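Have a look at the structure below before the remarks.
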Amino acid sequence: MSTTNLSSFQKTTITYPESDGLPMANNTEQFHLLTTIEGNLEILFADDSQVFVAGDLLWYPVEGDNKIRMAPDVMVALGRPKGRRGSYLQWLEEGIAPQVVFEILSPGNRKQEMAEKFAFYDQYGVEEYYLYDPTRGRLLGWLRDEQSALAPIEKMNNWRSPRLGIRFVLKGLELELYYPDGSRFLTFVELSQRLEQAENRALEALMEIDEAESRAEQAESRAEQAESRAEQAEQRRLAEVAARLEAEARVKALEERLRASGLL
């Protein structure tokens, strides 16, 4: 077997694990933020079939090397179709790297680990990198500059993502994200409550419509009854007029007979 064929054989037998054995999140707060960001980004791009959003998905940028990998807390790949993936194999994604990544810092993250993450994102083409520390209420961001390197964003509060259009707002220690239309990213509990409120309002509106239709039917019925009574009254009036005219005619005929008999 030639060296070329051996290399090709070795390349085809490389597997790319779908899990790195690490937990998705180290605490409930990190998990809550991760799922809120990922879920709302899914909503934001729900109508765009060419935006792929994922949370804690292993990204392999180099074909043939399964050691070079990273699992961003949340990543967005613009220009890639939605769909199930066990991992993000960049060479099967037309060479497109995720343009935007988010990391939520937890007490267990070490400085060396975060430095390695930054170096990975810087080397493999991330355009926007956002790092939030919920414990300290610290938000950092980097944007790829003209020298094709990730450069720090000086002011993150009220920053708007060039790629996503979303806005970052720090309120005390809390991070809030806003859609391009100005509405706030909601948690799943808040979304459920909003849905329930909307359903209740829709139900109330339907009940109001039903009540209005019932009142209209009752009014129509009363109008029909009034019209019927009016017709009956008119028929009685006409009958009375006819009876009076008939009585007057009989009296007149009687008077004429009495005159003819010389009694009048």
Check your understanding: Quick check: is even one residue across region 112-122 in contact with a strand residue (DSSP E or B) (Cβ under 6 Å, 6 or more places away or on another chain) and closer than 22 Å to Arg136 by Cα?
Key -> no
Review point. Of the residues Leu173, Leu164, Leu139, Leu89, which is in contact with a helix residue (DSSP H, G or I) (Cβ under 9 Å, 6 or more places away or on another chain), in contact (Cβ under 8 Å) with a residue 24 or more places away in the chain and not β-branched (Val, Ile, Thr)?
Key: Leu164
Exercise for review: For Ala198, state whether it is modelled with pLDDT of 80 or more and out of contact with any helix residue (DSSP H, G or I) (no Cβ under 7 Å at 6 or more places or on another chain).
Suggested key: no
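Okay, residues lined up against (1) in contact with a Gly (Cβ under 6 Å, 6 or more places away or on another chain); (2) modelled with pLDDT of 95 or more; (3) part of a loop (DSSP other than H, G, I, E, B):
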position	(1), (2), (3)
Tyr130	yes, yes, no
Trp142	no, yes, no
Ser148	no, no, yes
Pro162	no, yes, yes
Gly165	no, yes, yes
Val169	no, yes, no
Exercise for review: Go through (1) part of a loop (DSSP other than H, G, I, E, B); (2) under 24 Å from Thr187 (Cα atoms) and name the single condition Arg85 misses.
Suggested key: (2)
Review point. Here are some conditions: (1) among the basic types (Lys, Arg); (2) loosely packed, with under 15 Cβ neighbours inside 10 Å; (3) under 21 Å from the mean Cα position of the chain (by Cα). Arg136 meets all but one. Which one does it not meet?
Key: (3)
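The values are calculated or read from the model by the stated rules, or taken from the named source; none is laboratory data. Treat the numbers as computed from the prediction; the structure is a model and nothing was measured. Please note: Cβ atoms are built from the backbone with ideal geometry, for glycine as well, and neighbour counts cover all protein chains shown.
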